[in-house]
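The values are calculated or read from the model by the stated rules, or taken from the named source; none is laboratory data. All values reported here derive from a predicted model rather than from experimental measurement. Using ideal geometry, Cβ is built from the backbone for each residue, glycine included, and neighbour counts are taken over all protein chains shown.
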Amino acid sequence: MVRQRRIFLLAVLLLVFWTGSVAAATVQAVADRDRIASGESLQLQLRVSGSPDGEPDLSRLEQDWEILGRSQNSQMQIINGNFSRSLVYNLTLMPRTVGTLTIPAICFAKDCSLPLPIEVSKTPDKSAGTGQELLLESEVSPEQVVSQGQLLFKVRLLRRVDLLDGQLSEPKPTGVTAVVKKLGDDRSYETRRDGRLYQVIERDYAIFPQGSGQLQIPPLQFDGSIAGRRSHLNPFGQGQRVRRNSQPLSVEVTPLPADIGNRPWLPATALTLTDDWQQNPPQLTVGEPATRTLRLSAVGVPAAQLPEFKPPVPDAFKTYPDQPQRDDQLSASGITGVLEQKIALVPTRAGKLTLPALDLDWWDVINGRWRRAHLDAVELAVASAVGGTVEVSSSAPQLPSPQTLPSPAAPVAQKVPGNQPTAAVSPGPWPWLSLGLAFGWLLTLAWYWRVSRRDRRIVEYQPKTSQPDEKAARRAVLQAAGQNVPQATRQALVAWSRLLFPASDEPFEQLRLAAPEMLAQELARLDLVLYGQVEGGWSGQKLADQVRAWQHPSVAGRSGQLPDLYP
């Protein structure tokens, strides 16, 4: 009995020892470099032998390092009856600051690695082969601007390496509320810096501060991948993640001038006011309309800010103004707002009439003073209406009344000498010919009436063709995004926004404003793919999910409509 107990205790001890030996694990942290520059990534491997307890604790690592990517692979071997297991965790790290940083001990429960010191410098290490081969620059002008004036913000990415992919953040001013508009498409060209040739991608923005104070433009950030150098952790030279930040910028925004009064606020670098009647006034006639076209062009002012024309008009005219047409012309020098308004004028009396002069005050941002755009008065000659009422003097001969004139179709009885009446003159074949023509016309009307009724019945029973509606446009967006085609998705979004906001001049921008935050982010990411020189790598699944989850209130509130069975 005692022997059996000893055997049982020995078996338990062997089992515990064997279990502990299997569960024990060793963790080793290996970095591909011990010196990197700010904005360059680091490859870190966590090599685990044995069976680790749970997942690695990375909370301490994330204090000084940003984890851009992670992956893992495992391997199991049985050699001569001995079972072994190994795990490799691959981490792509980006330093959050410069100096001597430490990759802390990373633990799987009680099994930990040793800390690794990493030196992070401000500038790239030329010995690593990257040098100053990827730069991000930004500039703003002018350094001082009046409220609602135009700031030109320019950002340039200079590169001497091949980019595998990349994404550039958008400017987000702080300190003063501002409106940011991108100016056209990106431009590509070459330039030389310190004797080295760079490929340049340049992007321009117009920023309109809506208040006064200190406007801050935080650094823009570029994240991308370039062809990496080969190392023991990267034997195939796979893409290396890089990051570049531009310099922060600051602009002073001054308030509106104190003497603005009731003037419209138009802070422009140049302004022109034209009238198509200034050089060649038209010849007008009483009761007949004529169209006058006024055009206002302001450099540095969005078209939405331009005032609608309300020129003074004499009482001798009736006016019918059209809705003004607004357009923003974009270029590298900024936004030029254009407003064109057509006004129909109908004179009510003849004679010499005058349209008063027209003045418009605007603020010259270059010289810092008020200017005035002027249109001279227009002299017009208005003629009487043809066929109009004519006043006749009492001495004028009286014309016979139409009722007293003989009817040309009535036969006239003639008298011959001797006062003997004769028979009426025979009308000949004309009455019969007229009767035949009238009968043929009646037959034509009857035939036309019968054919029109038949065509109307055909139209009534013809199935109605489906017209483009909001649901169809939304399905087109989902289909294009599901196929991961960014250009087709952008076109479908524009068509969908026109149906959601038919009264808006810029329906796609209205869609950006009305969309929730997640959808707005996906729209911005789509534009970066299309206009940010980023090749491939776009997936429309997130955009499709956000479009599928959101519905505009004006569409959701329509009665009598059921949600799509297959959106």
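Determine the pairs where a residue that is under 13 Å from Thr489 (Cβ atoms), located within region 504-533, has a partner that is part of a helix (DSSP H, G or I) and acidic (Asp, Glu) with Cβ atoms under 7 Å apart, the partner being 6 or more residues away or on another chain.
As it stands, the answer is none, since no pair meets every condition given.
Does Pro117 satisfy the condition of being outside the structural domain of Asp364 (by TED's automatic domain parsing) and surrounded by fewer than 16 Cβ atoms within 10 Å (Cβ to Cβ)?
Yes, satisfied.
Looking only at region 172-183, filter to residues that are not in a strand (DSSP E or B) and not basic (Lys, Arg); which one of those is surrounded by the most Cβ atoms within 10 Å (Cβ to Cβ)?
Looking at residues that are not in a strand (DSSP E or B) and not basic (Lys, Arg), I get Pro173.
Among the residues of region 508-515, is any modelled with pLDDT under 85, out of contact with any Ser or Thr (no Cβ under 9 Å at 6 or more places or on another chain) and not in a helix (DSSP H, G or I)?
no
With respect to Ile201, determine if the residue is hydrophobic (A, V, I, L, M, F, W, C), modelled with pLDDT of 90 or more and not in a strand (DSSP E or B).
For Ile201, the condition - hydrophobic (A, V, I, L, M, F, W, C), modelled with pLDDT of 90 or more and not in a strand (DSSP E or B) - is not met.
For region 331-339, indicate whether the set of residues that are in contact with a Gly (Cβ under 8 Å, 6 or more places away or on another chain) and modelled with pLDDT of 95 or more is non-empty. Even if it seems obvious, please write down each step before you answer.
Filtering region 331-339 down to residues in contact with a Gly (Cβ under 8 Å, 6 or more places away or on another chain) leaves 331-332, 334-336.
Still in the running and modelled with pLDDT of 95 or more: 335-336.
Yes, some residue in region 331-339 is in contact with a Gly (Cβ under 8 Å, 6 or more places away or on another chain) and modelled with pLDDT of 95 or more.
Kindly list, by first and then second residue, each pair from a residue in region 156-175 that is farther than 12 Å from Arg241 by Cα and among the hydroxyl-bearing types (Ser, Thr, Tyr) to a residue that is modelled with pLDDT of 90 or more and assigned to a loop (DSSP other than H, G, I, E, B), limited to pairs with Cβ atoms under 8 Å and residues at least 6 apart or on different chains.
Filtered contacts from region 156-175: Ser169/Leu220; Thr174/Pro218.
What's the number of the only condition in (1) in contact with a Lys or Arg (Cβ under 8 Å, 6 or more places away or on another chain); (2) closer than 30 Å to Glu308 by Cα; (3) modelled with pLDDT under 95 that Asp186 fails to meet?
(2)
Restricting attention to region 178-222, report how many residues are without any contact (Cβ under 8 Å) to a residue 12 or more places away in the chain and touching a Phe, Trp or Tyr at 6+ places or on another chain (Cβ under 9 Å).
2
Out of region 300-312, which residues are in a loop (DSSP other than H, G, I, E, B) and buried (at least 16 other Cβ atoms within 10 Å of the Cβ)? Before the answer, list the steps.
Kept after step one, since they are in a loop (DSSP other than H, G, I, E, B), are these residues of region 300-312: 300-302, 306-312.
Across region 300-312, the qualifying residues are Gly300, Val301, Pro302, Leu306, Phe309, Pro311.
Answer with yes or no whether Gln247 is assigned to a loop (DSSP other than H, G, I, E, B) and either among the aliphatic types (A, V, I, L, M) or under 28 Å from the mean Cα position of the chain (by Cα) (or both).
It is true that Gln247 is assigned to a loop (DSSP other than H, G, I, E, B) and either among the aliphatic types (A, V, I, L, M) or under 28 Å from the mean Cα position of the chain (by Cα) (or both).
Check Thr191, Thr272 and return the single one that is surrounded by fewer than 18 Cβ atoms within 10 Å (Cβ to Cβ), at pLDDT 95 or above and not in a loop (DSSP other than H, G, I, E, B).
None of the others qualify; the one that does is Thr272.
Let's see how each residue does on (1) modelled with pLDDT of 80 or more; (2) in a strand (DSSP E or B); (3) among the basic types (Lys, Arg):
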residue	(1), (2), (3)
Arg33	no, no, yes
Leu44	yes, yes, no
Asp53	no, no, no
Asp57	yes, no, no
Gly69	yes, yes, no
Val88	yes, yes, no
Thr92	yes, yes, no
Thr97	yes, no, no
Leu101	yes, yes, no
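Could you tell me which numbered condition Arg525 fails, if it satisfies all but one of (1) over 13 Å from the mean Cα position of the chain (by Cα); (2) in a helix (DSSP H, G or I); (3) closer than 23 Å to Phe222 by Cα?
Only one criterion in (1) over 13 Å from the mean Cα position of the chain (by Cα); (2) in a helix (DSSP H, G or I); (3) closer than 23 Å to Phe222 by Cα is unmet by Arg525, namely (1).
Just to be sure before I move on: is Leu284 closer than 30 Å to Glu506 by Cα and surrounded by 13 or more Cβ atoms within 10 Å (Cβ to Cβ) in the structure I sent?
It is false that Leu284 is closer than 30 Å to Glu506 by Cα and surrounded by 13 or more Cβ atoms within 10 Å (Cβ to Cβ).
For every residue, the table says whether it meets (1) crowded, with 16+ Cβ neighbours inside 10 Å; (2) over 20 Å from the mean Cα position of the chain (by Cα).
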{"site": "Leu164", "(1), (2)": "yes, yes"}
{"site": "Asp185", "(1), (2)": "no, no"}
{"site": "Leu197", "(1), (2)": "no, yes"}
{"site": "Phe208", "(1), (2)": "yes, no"}
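What single numbered condition from (1) within 16 Å of Pro248 (Cα to Cα); (2) surrounded by 14 or more Cβ atoms within 10 Å (Cβ to Cβ); (3) out of contact with any Ser or Thr (no Cβ under 8 Å at 6 or more places or on another chain) fails to hold for Gln216?
(3)
I'd like to know if region 245-252 contains one or more residues that are buried (at least 17 other Cβ atoms within 10 Å of the Cβ) and modelled with pLDDT under 95.
yes
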